[in-house]
Amino acid sequence: MLTAATPAEDGRTLIITRTLKAPRELVWKMFADPYHLAQWWGPSGFTNRVERFDFRTGGKWLHVMIGQDGRELPTDNDIVEVTPPRRIVFRNAPTDPRIFGDNPPPGFTKTLTFDAVEGGTLLKLVCVFDTPEHKDAVVRRGFRDGTNESFDKLEAQLATL
């Protein structure tokens, strides 16, 4: 079940939730295992290449989303916290000038929580930006829609398991 994204009152926070019809441990595995993560991460029409996945507090995660046109969008993430099977906190910091030139999207912190609920798992993504303007810029670039498309792909992947 899809729940709409909700901006927090401070203007810097974006929240996206989804209730998935799968047990929390399985949903966690879809994030914690790079094989599974590569199968569904990214907006509709994108594939993934996970280049580095040191899934632990203090680790790094580098993945490249590949569009249908072949364009590659690398994302480098610092993993701030991993608390299985409840919580992941990571911060992306787009720094590759080959991708965004002198106009990179702002980095921001993402917190994913996994709560067991009747019939499945409540997945909650809380994104905190440095400024409301940074949040607005990332939303304009398609982050909210792309995240919901990713979660659609995750639902479809879970249905096959």
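Out of all the residues in the stretch 119-161, which are of a type in the set (S, T, N, Q), more than 18 Å from LEU26 (Cβ to Cβ) and surrounded by 16 or more Cβ atoms within 10 Å (Cβ to Cβ)?
Narrowing the stretch 119-161 to residues of a type in the set (S, T, N, Q): 121, 131, 147-148, 150, 157, 160.
After this cut, where a residue has to be more than 18 Å from LEU26 (Cβ to Cβ) as well, the list is 131, 147-148.
THR147, ASN148, listed by residue number.
Among the residues of the stretch 14-30, write down those that are over 13 Å from the mean Cα position of the chain (by Cα) and either on the phi > 0 side of the Ramachandran plot or open to solvent by 30 Å² or more (accessible area, probe 1.4 Å) (or both).
Answer for the stretch 14-30, where residues must be over 13 Å from the mean Cα position of the chain (by Cα) and either on the phi > 0 side of the Ramachandran plot or open to solvent by 30 Å² or more (accessible area, probe 1.4 Å) (or both): THR19, LYS21, PRO23, ARG24, GLU25, LEU26, LYS29.
The values are calculated or read from the model by the stated rules, or taken from the named source; none is laboratory data. No experiment lies behind these values; they were computed from the predicted model shown. Note: ideal-geometry Cβ built from the backbone for every residue, glycine included; neighbour counts use all protein chains shown. Note: accessible area is taken over every heavy atom of the protein model, side chains too, but ligands, DNA and RNA are not part of it. Shrake-Rupley method; radii C 1.70, N 1.55, O 1.52, S 1.80 Å.
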